[in-house]
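Enquirer: For reference, the structure I am asking about is given below.
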There are 2 protein chains.
Amino acid sequence: MAELVFDANDCAACPIRHRAVCARCEPDELERLEEIKYYRHFESGQHIVWGGDQMDFVASVVSGIATLSQAMEDGRTQMVGLLLPSDFLGRPGRKEAAYDVTAVSDVTLCCFRRKPFEQLIETTPHVAQRLLEMTLDELDAAREWMLILGRKTAREKIASLMAIIARREAALRMSKAANGARFELPLTREAMADYLGLTIETVSRQISALKRDNVIALEGKRKVLVPDFNRLLAETGDDADGGLLI
Amino acid sequence: MAELVFDANDCAACPIRHRAVCARCEPDELERLEEIKYYRHFESGQHIVWGGDQMDFVASVVSGIATLSQAMEDGRTQMVGLLLPSDFLGRPGRKEAAYDVTAVSDVTLCCFRRKPFEQLIETTPHVAQRLLEMTLDELDAAREWMLILGRKTAREKIASLMAIIARREAALRMSKAANGARFELPLTREAMADYLGLTIETVSRQISALKRDNVIALEGKRKVLVPDFNRLLAETGDDADGGLLI
DNA sequence: CGCCCGATTGACAGTTGTCAAGGAGCGTGG
DNA sequence: CCACGCTCCTTGACAACTGTCAATCGGGCG
C-alpha cells in the first residue's frame, strides 16, 4: 500500500505533500529536504522510539498510525498524541525522545536527519512557518483532549473519540458523509483506554452501552456504523455545533 | 508593582524581555514591535476574553497570572493553560479566541495588534522562531498535564500541582531552595480543581490529607511549606527524577 | 483442533462526586 | 469596636461512577 512511496521517492508524488511540514516549500527548499530524507518502515505493534532514547531524526508520517505515550513506573499509561499521515514526529533542538512512539498499524516515515533539518529551519522560513502552524494545531488538539480527560464521563469520552475519528476519516476522504457515518477504529480497546484515561473494561462496557442504545452499531470489533451523527455528537457533551478540532 | 513597565514603555527595561516572544529580536525588530504594542491591565478575577469573542490582538503576559479554560454547557470547566509572566496569549491567524481567558491575579499584558503582528511573523524570522520554541514547550507541558488528568489519583494530582508550582517559583528566583521549599499557591481551590479535573471538595480533602501526613504544612490557606521536597516528589507518582517540564 | 490474544461481561470494591452544614478570614457599616 | 455578610474553604454522610479481579467468549493462526 505504501510501496508506491518507496518506489517514487519523489516529493511531488508524495501523498502527504500538501499537508505535511513541507507543504509550503518552494522547489529549491524541497530539493534541500530531499537531500536529507530517507524512508523507514515499521510494522504494526513495533516501537519506533522509546522515551529517553537518543533520536537523531525528525519525521513526517507518510502512511499508517502511530501513538505517543507516557508510562508511569507502575505501568499506568497515558497516550498523549496520535500521529496520522502528514503529522510530524520529533522536536527540532531536542536530542532525546520525550515519549514512547509506537506503530499501531504498519507505518512509513519520511525521516530527516535532525542536524541538517535544524539548520534548514534556521535558514528557510517556509518549513518553520508550517511547523509553527502544525504545532499550534496540535496544541489546540491537546487542549480539547484535556477537557475530555478532565471533565467528561466514560460514555462522553467514548462518544468523543468516535466523533473525532469519524471526522478525520471524513476529512481524509473529503466527503461530508451525508448524515450517517461508517468508519474503522484504528485503535485496540487498550489503545482507546490509554487515549481516554480509562480501563479496557470500561471502554468495552461503554461501547456496548452505546450499541444497546442504538447510538452506534458494530460490524466485527472494529467497524463502526453511526446511523445519526448528531445523536453521537449529543452524547459527547459538547455544545450543539461541537468545537472539536483536528 | 507593574507600574514601572507602564512608565518605562521601553523594551530594553522590560522584565520579561529575555523570555518572551520577543526574546531573540534584533534592535530593528524590536522597533517594529514597539510600533504596534500597547499595554493593558486587568484586575484579579476579571475576564480578559471569552471563547468565541473577536480578538484583534495577541499579547505577552508581563506580570500576573491568567488561566485559559474551556467550559461545557452544563458548567463543567477544565483549565487548559496557565499563563505566567513571559507566556504568550493568542494565536496568529486566528480571529476568534478559542478559550476563556481570566486574570487570577492583577495582570499586565503587552499587546500587539494582530494584523501587523502576523505580517511581522511572515517577514522576520526571529519572532516566528521564538514562538515556535514557546509553542513546543507549551505542547510538552500540555502532554505532562494529560498524564496527570488521565492517570493520576487525586492525591498524586495535588502533589504534582504543588511540585510544578514550587519548581516555577524556584526557577523565577533562580534559587535551588536547598531541600525544603516554601511558596504561595497562586490559585484558589476552585482553580486548582479546574486545573486537575477534580471538585473543590476533593482538592480540599487531599490537601488536608497531605498536611496530616506531614508532606506539606500550611500557613493560612495559601502559603505552603514543604519540609522534604523529595517526599513530595514521591507522592506525585513520577519516577525518581521526575520529568515535569515547565 | 487447540491455543492465544483481544474483547466482553459480571460481581464487587474503592475512589471521587454530590449534597449539605459549618468554619475562617475579611471588608463594610452601624 | 463589633456585628454582619460575603467568599472561600473544610468536613461529613452518602451515592455513583469507574476500577479491580475473574470468568468467559470469539476469531485467527499454527
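The values are calculated or read from the model by the stated rules, or taken from the named source; none is laboratory data. From a predicted model like this one, the values you see are computed outputs, not experimental measurements. We place every Cβ from the backbone using ideal geometry, glycine too, and count neighbours over all the protein chains shown. Quick note on the areas: whole protein, heavy atoms, side chains included, nothing else; ligands and nucleic acids left out. Shrake-Rupley method; radii C 1.70, N 1.55, O 1.52, S 1.80 Å.
Enquirer: Placing +1 at every Lys and Arg Cβ and -1 at every Asp and Glu Cβ, with all other atoms neutral, what dipole size does the protein assembly as shown have around its Cα centre, in debye to the nearest 20? Present the calculation step by step, with values, prior to reporting the outcome.
Expert: Details: 64 positive and 76 negative charges, 262 e Å.
In total the dipole reaches around 1260 debye.
Enquirer: If we count trypsin sites (Lys or Arg not before Pro) as exposed when they sit in a DSSP loop and have at most 11 other beta carbons within 10 Å, what is the longest stretch of chain B that avoids them all?
Expert: Values: sites that count: B:95, B:176, B:221.
Counting only loop sites that pass the neighbour cut-off, the longest clear stretch is B:1-94.
Enquirer: Among the aspartates and glutamates, which fall within straight-line cross-link reach of residue A:95, defined as a Cα-Cα distance under 15 Å, with same-chain neighbours fewer than 8 residues apart omitted?
Expert: Cross-link targets: A:53, A:56, A:118, B:133, B:137, B:140.
Enquirer: Nearest 20 debye, what's the magnitude of the dipole of segment A:136-205 about its Cα centre given +1 on Lys and Arg Cβ and -1 on Asp and Glu Cβ?
Expert: Working: 12 positive and 10 negative charges, 70 e Å.
For this selection, approximately 340 debye.
Enquirer: Counting only residues 5 or more places away or on other chains, whose amide H sits under 5 Å from the amide H of residue B:181 once H atoms are built in the peptide plane?
Expert: B:226
Enquirer: Please report the projected area of the protein assembly as shown's Cα convex hull averaged over all directions, in nm².
Expert: Details: hull surface 94.6 nm².
The directionally averaged projection comes out at 23.6 nm².
Enquirer: Give the lysines whose C-alpha is closer than 27 Å to that of residue A:223, dropping any in the same chain fewer than 8 places away, or say none.
Expert: A:152, A:157, A:176, A:211
Enquirer: Give me the inter-chain shielding for B:90-101: mean count of other chain Cβ atoms within 10 Å, whole number please.
Expert: Mean inter-chain Cβ contacts per residue within 10 Å come to 2.
Enquirer: Now for a separate question. For label points placed 7 Å from Cα toward Cβ, what is the shortest-first list of nm distances from residue A:214 to its copies?
Expert: 6.3
Enquirer: Counting heavy atoms of the protein chains only and a 1.4 Å probe, report the per residue accessible area for segment A:152-236 as a whole number of Å².
Expert: On the way: 4200 Å² over 85 residues.
So segment A:152-236 comes to 49 Å² accessible per residue, rounded to a whole number.
Enquirer: Which number comes out as Rg/Rh for segment A:1-133 once both Rg and the Kirkwood Rh are worked out on C-alpha atoms? Each step should come with its number before you reach the end.
Expert: Working: Rg = 14.7 Å, Rh = 15.1 Å.
So for segment A:1-133, dividing Rg by the Kirkwood Rh gives 0.97.
Enquirer: Please report how far the C-alpha centroid of segment B:125-154 lies from that of segment A:162-233, rounded to the nearest whole angstrom.
Expert: 28 Å
Enquirer: I've got another one for you. Name the residues whose placed amide hydrogens come within less than 5 Å of the amide hydrogen of residue A:99, ignoring near sequence neighbours (fewer than 5 apart) on the same chain.
Expert: A:52
Enquirer: Would you mind giving the mean number of other chain beta-carbons within 10 Å of the Cβ of each residue in B:73-83, as a whole number?
Expert: Working: counts 4, 3, 0, 7, 3, 9, 4, 9, 3, 0, 0.
Average per residue, whole number: 4.
Enquirer: So, for segment A:3-134, what is the accessible surface per residue at a probe of 1.4 Å, expressed in square angstrom?
Expert: Numbers: 5920 Å² over 132 residues.
Roughly 45 Å² per residue, with all protein chains present.
Enquirer: Kindly give the distances from residue B:50 to its copy-mates, label point to label point, with each label point 7 Å from Cα along Cα→Cβ, as nm values to one decimal ordered shortest first.
Expert: 5.1
Enquirer: Roughly how big is the B-A contact, given as buried accessible area in Å² (both sides, 1.4 Å probe, nearest 100)? Before the final figure, lay out the partial values.
Expert: Details: alone 13370 and 13340 Å², together 22540 Å².
Summing both sides, the interface buries roughly 4200 Å².
Enquirer: Could you compute the FRET efficiency for residue A:31 and residue B:122, with r as their C-beta to C-beta distance and R0 at 25 Å, rounded to 0.05?
Expert: Numbers: r = 23 Å, r/R0 = 0.91.
Efficiency, from the Cβ-Cβ distance: 0.65.
Enquirer: For segment B:152-236, what class follows from the C-alpha gyration tensor (a ≥ b ≥ c being the square roots of its eigenvalues): rounded when a/c is under 1.5, otherwise prolate if a/b is larger than b/c, else oblate? Walk me through the intermediate numbers first.
Expert: Values: a/c = 1.65, a/b = 1.43, b/c = 1.16.
Note, shape of segment B:152-236 comes out prolate.
Enquirer: Also, quick follow-up: Note the distances from residue A:173 to each other copy's matching label point, with points 7 Å along the Cα-to-beta-carbon direction, in nm, sorted shortest first.
Expert: 6.0
Enquirer: State the percentage of accessible surface on segment A:152-236 attributable to carbon and sulfur atoms; use a 1.4 Å probe and exclude ligands, DNA and RNA.
Expert: Details: 2200 of 4200 Å².
Roughly 52 percent, rounded to a whole number.
Enquirer: What's the average, rounded to a whole number, of partner chain beta-carbon atoms within 10 Å of each residue's beta-carbon in B:131-139? List each step's numbers first, then the result.
Expert: Details: counts 4, 11, 5, 1, 8, 9, 1, 6, 11.
Average neighbour count from other chains, rounded to a whole number: 6.
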